[in-house]
2 protein chains.
Amino acid sequence: MASVNAQAAKASKSKRDPESVRQRILQAALAEFSDKGLGGARVDVIAQRADANKRMLYHYFGNKDDLFLAVLEHAYRDIRSAELELNLDNLSPEDGMRKLVAFTFDYFIKAPYFINLLNSENLHRARHLRRSQAILDMHAPVVGLITDLLRRGIAEGVFRADADPIQVFITNASVGYFYFSNVHTLSTIFGRDLSEKDELEARRRHVIDVVLGYLRPT
Amino acid sequence: MASVNAQAAKASKSKRDPESVRQRILQAALAEFSDKGLGGARVDVIAQRADANKRMLYHYFGNKDDLFLAVLEHAYRDIRSAELELNLDNLSPEDGMRKLVAFTFDYFIKAPYFINLLNSENLHRARHLRRSQAILDMHAPVVGLITDLLRRGIAEGVFRADADPIQVFITNASVGYFYFSNVHTLSTIFGRDLSEKDELEARRRHVIDVVLGYLRPT
DNA sequence: GGGCTAAGTAACTAGTCAGTTACTTGTGGA
DNA sequence: TCCACAAGTAACTGACTAGTTACTTAGCCC
């Protein structure tokens with residue numbers, strides 16, 4: 001307790017807080033890369049949004065590309081670790097899958113930056129992500145969740161026997177991702193704001209129905 | 001016949017072919033915007049890819065943004081008109097829907113530029129598309145196709161009664177779009193090339209199963 | 001207190017970029 | 001043949017960009 005207070009007192013008197021500056025840059029970069037894409041984001045703007053000196057951006061992250069990779073790792077780590085906390089083991093296969101699909105949809109609402117980050121990374125052919133062993137290691141456990149749900153569902157006769165975990169993982173992401181990634185064009189085309197609450201609720205129900213409807217035995 | 005030959009002879013002797021230059025610029029722009037996004041594409045590169053003088057790009061299209069909109073209109077026109085030629089009326093609701101889903105998936109393979117163009121346009125919040133009445137007018141007929149299929153399927157008791165045409169339109173696009181838009185990150189994550197023929201065939205079968213499985217009556 | 005290093009400030013730099021300017025050439029119609 | 005205008009060439013321009021340089025300040029440890 002005394003050491004926490006000593007640290008807090010020290011931090012409030014200090015003119016320098018490297019970890020805070022570093023985090024502010026990371027968050028500002030996440031926002032700027034999400035808004036503008038990797039190519040459109042400007043390091044001056046990131047520094048400004050972070051209320052930091054541009055020099056510090058290079059100091060902490062090296063260059064623009066490496067900053068983008070740091071942002072990407074942060075984003076992936078967030079969603080993948082949240083998925084692992086869903087505790088699907090304790091649910092029926094159907095409820096587990098329902099919870100996972102709903103979680104994914106809700107996550108895209110909560111973390112809208114994720115989609116534009118992935119779009120940018122794919123525009124650059126995953127060249128950043130290839131350099132990150134951390135990101136690569138994040139996915140096996142999540143696919144394992146789906147594999148387990150499918151296995152249980154098939155064993156109980158409530159899921160179709162030909163469901164493939166990776167295809168289901170991709171489809172689970174698909175039905176929400178596309179909606180959000182194209183929300184501007186779709187809203188314009190259909191002349192209604194697809195990011196409004198009622199629209200989101202309708203879409204959420206639909207995506208759950210799509211995945212659960214597909215999984216019904218044939 | 002004589003007039004066709006006269007035109008061909010005239011064209012082959014001419015040093016100027018404005019329509020050809022214009023088309024070359026449009027195609028080069030489509031490629032460059034698809035590869036690099038709107039922000040990353042360079043007008044010098046587009047001109048070079050078109051084997052045209054940069055001045056002509058401004059001459060024909062005004063500026064970079066307007067060129068992007070021309071490309072977007074071209075891309076939408078292509079997919080939307082192809083959809084209308086599917087002749088789904090003559091098929092059972094199930095076969096019609098199967099054909100549409102397969103068509104959409106195959107279209108993304110055939111016209112890979114479409115996805116990156118839409119990603120760019122959404123990154124820019126559909127600000128180009130809003131200026132195009134032509135694009136806005138292209139969608140009602142296609143949604144009408146799905147509405148008809150669903151209506152027939154529900155009447156025949158082979159589709160679920162709660163299926164919504166717009167949601168199905170979006171889901172039809174979702175299950176393929178996400179796969180292709182994220183093919184680089186997904187391939188890296190799963191350590192396999194998801195653009196290979198076998199992978200594409202597996203995914204194609206899956207997306208048809210997802211939509212048709214979902215549509216089964218409850 | 002002093003020295004050293006990390007953290008930080010501010011200005012600079014060379015190259016890039018969309019768009020413009022100045023001029024030339026080709027073509028069609030009178 | 002001549003003229004006018006569209007199509008075309010090539011160079012230029014001012015602003016922007018990621019990254020660098022030169023220097024200062026803060027904080028920690030001896």
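The values are calculated or read from the model by the stated rules, or taken from the named source; none is laboratory data. Quantities reported herein were computed from a predicted structural model and do not represent experimental measurements. Backbone-built Cβ (ideal geometry, glycine too); neighbour counts: all protein chains shown. For accessibility, only protein heavy atoms count, side chains too; no ligands or nucleic acids. Shrake-Rupley method; radii C 1.70, N 1.55, O 1.52, S 1.80 Å.
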If I ask for residues that are of a type in the set (Val, Ile, Thr) and part of a helix (DSSP H, G or I), which ones from segment A:127-159 would you list? A:135, A:142, A:143, A:146, A:147, A:154
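Could you count how many residues in segment A:204-218 are within 7 Å of chain B (Cβ to nearest Cβ) and basic (Lys, Arg)? Explain how you work it out, then say what you get.
Step one: of segment A:204-218, the residues within 7 Å of chain B (Cβ to nearest Cβ) are A:206, A:209-210, A:213-214, A:216.
Narrowing further to those that are basic (Lys, Arg): A:216.
Of the residues in segment A:204-218, 1 are within 7 Å of chain B (Cβ to nearest Cβ) and basic (Lys, Arg).
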Could you tell me whether residue A:45 is in a helix (DSSP H, G or I), of a type in the set (A, V, I, L, M, F, W, C) and more than 11 Å from DNA strand C (Cβ to nearest atom)? yes
Among the listed residues A:174, A:181, A:195, which satisfies the condition of being open to solvent by 20 Å² or more (accessible area, probe 1.4 Å), small (Gly, Ala, Ser) and either within 9 Å of chain B (Cβ to nearest Cβ) or free of Cβ contacts under 8 Å to residues at least 60 places away in the same chain (or both)? A:195
Out of all the residues in segment B:131-141, is one or more within 7 Å of chain A (Cβ to nearest Cβ) and open to solvent by 10 Å² or more (accessible area, probe 1.4 Å)? yes
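Assess whether residue B:161 counts as being modelled with pLDDT of 95 or more and facing chain A (nearest Cβ under 9 Å). Walk me through how you get there before you give the answer.
On the way: modelled with pLDDT of 95 or more: yes; facing chain A (nearest Cβ under 9 Å): no.
No, not satisfied.
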Show the residue pairs that are 6+ apart or on different chains and have beta-carbon atoms under 9 Å apart, the first residue being within segment B:7-22 and within 14 Å of chain A (Cβ to nearest Cβ) and assigned to a loop (DSSP other than H, G, I, E, B), the second being more than 10 Å from DNA strand C (Cβ to nearest atom) and at pLDDT below 90. none
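In this structure, is residue B:169 under 13 Å from residue A:206 (Cα atoms) and either open to solvent by less than 30 Å² (accessible area, probe 1.4 Å) or in a helix (DSSP H, G or I) (or both)? Working first, answer last.
Working: under 13 Å from residue A:206 (Cα atoms): yes; either open to solvent by less than 30 Å² (accessible area, probe 1.4 Å) or in a helix (DSSP H, G or I) (or both): yes.
In short, yes.
So which residues in segment B:40-61 are open to solvent by 40 Å² or more (accessible area, probe 1.4 Å) and of a type outside the set (S, T, N, Q)?
B:42, B:44, B:45, B:49, B:51, B:54, B:55, B:56, B:58, B:59, B:60
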Just to be sure before I move on: is residue B:118 within 8 Å of chain A (Cβ to nearest Cβ), surrounded by fewer than 17 Cβ atoms within 10 Å (Cβ to Cβ), assigned to a helix (DSSP H, G or I) and in contact with a helix residue (DSSP H, G or I) (Cβ under 9 Å, 6 or more places away or on another chain) in the structure I sent? no
